[in-house]
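Step one of this worksheet: look at the structure below.
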Amino acid sequence: MIKKLVLACWCVGLGLVSSAQFPPMGGGGRGPGGGGRGMNSEQMNVGRFYGKITGPDGKPIEFATVQLNGQRWDSTAKAMKPAIMGGQITAANGDFSIEKLPPFGEFTLQVNAIGFKPYTQKVKFDLKFELGKPMDMQKALNAVDKDLGNIKLESSATLKEVVVEGGDPSFKMEIDKKIFNVDKNTVSAGGTAEDVLRTVPSVSVDMDGNVALRNAAPQIFVDGRPSSMTLEQIPADAIQSIELITNPSAKYDASGGMGGIINIVLKKNRKLGYNGGIRAGIDRFGKLNGGVDINLREGKINTFAMLFANQRRTPSIGFTDRINRIDPLTTVRQDNIQSNDGNFMFGRFGLDYFPDNRNTITLGFNLGGGGFGNEEEVDIRTDTTNSGSSFAERLSNNNRKFNNLGSNVSYKHLYPKAGKEITADVNYNRSLSSFGGDFNTQFFNGEGIAFGPNIAQRQEGKGNMQFITAQTDFVNPLSENSKIEAGLRANYNDYTSSNDNFTKNPFTNEFEKLKAVSNNFGYKNQVYAAYATYSRKINKFSFQTGLRLESSVYSGTLFLETGDTTFSNSFPASLFPSQFISYQIREGDDIQLSYTRKINRPNFFQLIPFIDYTDSLNLSRGNPDLLPEFTNSIEVGYLNTINSKNNVLISAYYKNTNGIITRYQTTEFNPVLNRDAIITTYANASQSYNYGAEVTFKNELKKWLDVTTNFNVFNAVIDGSNIEQNLRVERLAWFGKINANFRLPRNYSIQLTGEYKSRSAIPAGGGGGGGRGGFMGGGIQGSAQGYIREHGSVDISIRKDLFKNKMGNISIAVRDIFRTDINFTHSESVFFVQDTYRLRNPQYIRVNFSYRFGKFDVSLFKRKNMNNMDGGGMEMQGAM
């Protein structure tokens, strides 16, 4: 009792002296860490640690990060909790000083600097007093002002050379998203973003490049923003990681419907010094790919640049068997052989400017361009009940050219308060394209003798697409266990295109424009949004509640020789709530329940009211009266991190979509063909249900083998009774994917990727947009019932690391090694029965070489904004 009384008196005395000599800190709270009860806790925070950070040679180290960890009283939990007590970046002479610290307790000092090993030391103040003796206040004040002396750091092995052996894990699972590190993926080396996504768990990519996430088309972003680039225009070597967000919160775009978000994160390095890499490759057709990237950081400037070029050849074969049930009754067999040759270039460059520790300004540019040429031979045999058989040979030669420009400017400000920040950015993307094609058709009789003239047709067109996105976000931690986030966003899209069709006059030998099937179209879309979220952690429970407000308007004009057609739709502000609740059963064992509401707006090709005659068997036309579809999504996730080598993520999900956008077929007389024809258009069906379960395992079975396994089973139901009586499509399906990495002796490694898809229903035409394709591109076709036959594929790559510190490597990859990735689709309705078979680019072989280089020199580079830096950086928290 006497000891406690003396201690209390000493604290009061120390507080009286310190209140006159030390400025108040603010906050602190009540409890053991907050300065005691019954007095201002600010007065107790009088301690200071100081010292100097040096290298092994005794020279001072500038811009090292010094952080002090300790215990602080948590008034909510009524207990002491770990906390960051303060931190600082060392001055030019290596000095640091961390002030306003409580005089009691033990602390942990952590020091990090680029090129040196991390340093950790336990520290505390040497407070001593004896019962029955008067207190020496000056001695007490000296005791809480402690010099830690010169702290020498040991050199790291990475000081001179960049070691590429380490890095992020190939696949990281979190309860609300999955992150796939592309640097570990050798199967896609030298390829495109399509090749990367084929290896990612939960993702499916068909042979036309259409992407599905859990059987629905997702929103695809580049660096968190919309982009005018297609997947085939983004080189795999430019991608840092792929983020899968299956049930995005209110912070993200409400667009996307059932599909979630796939975010493609491009490479960007902020390491001090210079570093970069070169790569080159060749495939089985003699097509080349190559690239170079470089990063340089000195003082307040970080600059980065990369350039990639790629050549591709994609052969494919296929056939279509079709029985038409409308007059005239016909049987059609169509055989296709085609080859697509192309090349493209991608460049990215920019700079970061760090005016001080807490501000960053970034300016960046993306440039892309290229062209593709397609040659196709189509043999068509037609058997008609009333006119016998005929044969036609169609030769086509198409080309497409494009160029893209993307630019962004962003600003980030860090507040002294830990975790508090504000960001703002503006992104501009523009894509220009042109296309053309010549088509020549010759008819033959049943004996194979040509008759009639050669029908020559030509198509010419161009397009212009622009995206502008402006966004600002604010994050403010209210306490150690709670925070708020808020933001504003505006999107503006402008799309114009022209499509002119010609036929050659056999008498004048000149091409004449077909006005009835030529058009000029313009389309604009605007979306404005605001969001706010509140997060809180209470013991083992955590929750986040959010609300997003979005409004949109779009308008379009179809310019025709016979007259213009205009249409527009505007939607007032709609609310999109989200709710996430999680519970930590134990360390590394978490369960989460989430709910979100999303929207999917019709895309350009679904809206354009123009008949596309590209495929004479499958005519299509958009519907300008389409309305957006709304989806309510519920997901339960369970993440069990068994240990550092094994974890499992189990998810169950249910999605209900009202007004789902689907394909729909009807027959009508076509004046161009001068006969009845089947037209595929779009309509808002009543609703759809999509539910399923997914499990992902990540296991290190041996030191030389790690495996990621993904299995997804789902059931999709589409109710189109509002379009046609008793129209309902349903099918249960599943798919699995496995990624195995073998680390072999002598720096060899093997990556094996396998995928299998069960028989499944033709996917819905909505759910995130997606591109326009042929008839079998997806969606319910009126009363059509159909399926895609089960199929799978296996890819393999072998890699050999070269040189000292594995700075280089050479790899060989083979896609679809067993020629089993075959798309076979069956569909039938009251109008037709059709089977389609396609095989594209099997047993594709590619060889690639890569070399990384770099060097750190910490004495020349002035580090700013540490929390944005790769490798060796740390996030500073607390007052500075």
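At a glance:
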quantity	calculated
Taking all pairs of distinct alpha-carbon atoms in segment 463-572, Kirkwood radius in angstrom	18.4 Å
Length released on extending from SER574 to GLN110, taking residue separation times 0.36 nm less the Cα-Cα span	162.2 nm
Probe 1.4 Å - accessible area at LYS251, Å² to nearest ten	80 Å²
Kirkwood Rh (inverse of mean 1/r, distinct Cα pairs), segment 193-316, angstrom	16.4 Å
Pairwise FRET efficiency - ILE323 versus GLN240, Cβ, R0 = 56 Å, nearest 0.05	0.65
Per-residue SASA entry for ASP293, accessible area with 1.4 Å probe, Å² rounded to 10	20 Å²
Percent RCO, i.e. relative contact order, over segment 507-568, from Cα pairs under 8 Å lying at least 6 residues apart	36 percent
Alpha-carbon centroid distance for the pair segment 415-461 / segment 540-565, whole angstrom	24 Å
Efficiency of FRET from Cβ geometry, LYS152 and ALA91, R₀ 25 Å, rounded to 0.05	0.90
Residues in segment 418-436 that a label on ALA470 would reach, taking backbone N under 19 Å of a point 7 Å out along Cα→Cβ	422-430
Taking only Cα atoms of segment 702-743, radius of gyration then Dmax in Å	19.3, 59
Largest to smallest accessible area among GLU510, GLU790 [probe 1.4 Å]	GLU510, GLU790
Segment 384-424 - accessible surface per residue (Å², probe 1.4 Å)	54 Å²
Whole-Å semi-axes of the ellipsoid equivalent to segment 329-458 (Cα gyration tensor, √5λ, descending)	59, 16, 10
Relative contact order (%) - criterion: Cα under 8 Å, at least six apart; region: segment 278-424	19 percent
Mean separation of Cα contacts under 8 Å, 6 or more apart, over the residue count of segment 212-262: relative contact order %	60 percent
Inverse of mean 1/r across different Cα pairs in segment 424-526, Kirkwood, Å	18.6 Å
Cubic angstrom per residue, convex hull over Cα atoms of segment 414-456	134 Å³
Above-threshold pairs, the threshold being 23 Å between Cα atoms, out of LYS178/LYS267; LYS178/LYS524; LYS172/LYS737; LYS81/LYS540; LYS184/LYS703	LYS178/LYS524
Carbon + sulfur, % of accessible area of segment 415-554 - ligands and nucleic acids excluded, 1.4 Å	58 percent
Solvent exposure ordering (accessible area, 1.4 Å, most first) of ASP625, ASP816, ASP425	ASP625, ASP425, ASP816
By accessible area with a 1.4 Å probe, ligands and nucleic acids excluded, highest first: order of TRP704, TRP73	TRP704, TRP73
Rg/Rh (Cα only; Kirkwood hydrodynamic radius) as it applies to segment 190-229	0.95
Loop GluC sites (Glu not before Pro), segment 405-486, which have at most 14 other Cβ atoms in a 10 Å radius of their Cβ (DSSP)	GLU447
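The values are calculated or read from the model by the stated rules, or taken from the named source; none is laboratory data. Quantities reported herein were computed from a predicted structural model and do not represent experimental measurements. When we count neighbours, we look across all protein chains shown, and the Cβ atoms used for this are built from the backbone with ideal geometry, even at glycine. Accessible surface areas use protein heavy atoms only, side chains included; no ligands, DNA or RNA. Shrake-Rupley method; radii C 1.70, N 1.55, O 1.52, S 1.80 Å.
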